[in-house]
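The values are calculated or read from the model by the stated rules, or taken from the named source; none is laboratory data. Predicted, not measured: the structure shown is a model, and the values here were computed from it. In this analysis, Cβ positions are derived from the backbone assuming ideal geometry, glycine residues included, and neighbour counts consider all displayed protein chains.
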Amino acid sequence: MPAKILVVDDEKPIRDSLKLILDEEGYSTTVASDGEDALQRLQEDVYDVVITDIKMPRMDGMQLLESASKISPETFFIIMTAYASVKTAIDSLRQGAYDYLIKPVEFDDVILRVNRLIEFKKLAAENKSLRQRISLDTGFTNLIGRSEPMKKVFELIKHVAPTNSNVLIFGKSGTGKELVAKAIHHNSSRKEKIFLPINCGAISENLIESELFGHKKGAFTGATDDKLGLFKVADGGTLFLDEIGELPLNLQVKLLRAIEDKEFIPVGGVKSVSTDVRIIAATHQDLFERTKSGEFREDLFYRLNVVEIKLPTLNERKDDIPLLINHFIEKYCNEMGKKILGVDNETMKVLIYHDWRGGVRELENVIERAIIFAGKEYLTVNDLAEHIKGNTQLGYPDSLKDALRDFEHEHILKTIRKFDYNKDEAAKALEIGLSSLYRKMDELNIPTKTAKEE
């Protein structure tokens, strides 16, 4: 699509001549006879560049520049003036113009300046898009949440990221283990180096050693060339070992040595290869219990578990569901070119009270599907999949704030009862401090003393 140019001048020969040369250059050019006419066109369409005279009836170029900055801030302005004073040019640049031309204008000069501005605009848009993509893949941007469990996760990341310590992430499927690993990497001194993920459970046992440590030519049938292992490919960066609990016992020994000695021997090799890799491992299993049964090496467990990060399930952080919903709506509206403003009150209640066994990943899929079928500005229950609709819980107020308060009241009370009114144990299970539990109980009118304690 050609860039759109708006030429504004009260002198018809000038604006028509500029339109002619700009159209010949391949631009889509529109003309306006004064500032008010131009402002109306800017309200109706989006223009890449406006070339405007300063002195015009009804609304001059400087007034147009000021008004346009509020309704079309992405539009670049070139000011034309026959009054070749330095002050006029400086004033226009101070108010937001990108360039200026002195009348009588030279057409070659106009083309040169417009081409340069359009190129700059393209580069600026590409850089902005790149920064947004990087932001989504790094830092904390994709780790969305204000709940107490997520605040705890953020604090752990902030403390451990600048170090070179190994990290072990525990979490069920859909809790965002790889996102946490990326956040640690991109907030570390290794952020300029590679972040390399590998799922230890997705590679067959007879290939995983070669994938991790590489092999020499002729080491086994099919090894026709030397191959670098991921431990060497990730040298200087971070190696993310997902589902570390699936690693075979015989390879656990080699992994331990590679971590401790910072060197390893490729399959079929005789010489050690040095490497400097930070290890972040993740699992959905209880590795401590597996060390007791002999399925996972205890020495490797403690070497990996320098810092432990336990990720809450979505059911344990219901407060974050509205934030996540808005994030996914924005994401998929951008991808699909749709305009959805949010979800209605009833739909929000359904989503909050659903049992999210698939975690954040399940919620994302539900929102993506709903946007595909949505026909209104707000998602409704009718846009949801049948298995979500069927889980509507009745008895909660329409107000989202009140509904969340009711849910929190029920969940805390249920947890306290589960631990036979032992508030220390209840606070640990809720992953909040004891003082926070008492404060919540006070806010939600949950008695601090019960018949059980009296």
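Any residue that is in a strand (DSSP E or B) and buried (at least 18 other Cβ atoms within 10 Å of the Cβ) - is there at least one of those in the stretch 53-71? Looking for residues that are in a strand (DSSP E or B) and buried (at least 18 other Cβ atoms within 10 Å of the Cβ), one finds at least one in the stretch 53-71, hence yes. Within the stretch 409-423, is even one residue within 32 Å of the chain's Cα centre (by Cα), surrounded by 15 or more Cβ atoms within 10 Å (Cβ to Cβ), modelled with pLDDT under 80 and not assigned by TED's automatic domain parsing to the domain that holds Ile352? Among the residues of the stretch 409-423, at least one is within 32 Å of the chain's Cα centre (by Cα), surrounded by 15 or more Cβ atoms within 10 Å (Cβ to Cβ), modelled with pLDDT under 80 and not assigned by TED's automatic domain parsing to the domain that holds Ile352, which makes the answer yes. Taking the conditions (1) surrounded by 14 or more Cβ atoms within 10 Å (Cβ to Cβ); (2) modelled with pLDDT under 90; (3) outside any helix (DSSP H, G or I) in turn, Ile169 satisfies each one other than (2).
Conditions tested, residue by residue: (1) outside the structural domain of Leu249 (by TED's automatic domain parsing); (2) of a type in the set (A, V, I, L, M, F, W, C); (3) at pLDDT below 90.
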position: Ala161; (1), (2), (3): no, yes, no
position: Phe195; (1), (2), (3): no, yes, no
position: Ser204; (1), (2), (3): no, no, yes
position: Ala219; (1), (2), (3): no, yes, yes
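Within the stretch 164-200, the set of residues being free of Cβ contacts under 8 Å to residues at least 60 places away in the same chain and of a type outside the set (D, E, K, R) comprises Leu179, Ala183, His186, Asn187, Ser189, Ile194, Phe195, Leu196, Pro197, Ile198, Asn199, Cys200. Does Leu42 satisfy the condition of being crowded, with 18+ Cβ neighbours inside 10 Å and either among the hydroxyl-bearing types (Ser, Thr, Tyr) or at pLDDT 90 or above (or both)? So Leu42 does not fit the description; no. Counting the residues of the stretch 19-33 that are more than 44 Å from the chain's Cα centre (by Cα) and under 16 Å from Ile79 (Cα atoms) gives 1.
Here Leu230 clears all of (1) without any contact (Cβ under 8 Å) to a residue 40 or more places away in the chain; (2) surrounded by fewer than 16 Cβ atoms within 10 Å (Cβ to Cβ) except the condition numbered (2).
Residues of the stretch 300-330 being of a type in the set (D, E, K, R), more than 21 Å from Gly171 (Cα to Cα) and modelled with pLDDT of 90 or more, which ones? Spell out how you get there, then give the answer.
Residues of the stretch 300-330 that are of a type in the set (D, E, K, R), as a first pass: 303, 308, 310, 316-320, 330.
With the extra rule that they be more than 21 Å from Gly171 (Cα to Cα), the set shrinks to 330.
Residues satisfying the conditions do not exist here.
The residues in the stretch 241-272 that are under 26 Å from Pro162 (Cα atoms) and β-branched (Val, Ile, Thr) can be counted, and the count is 2.
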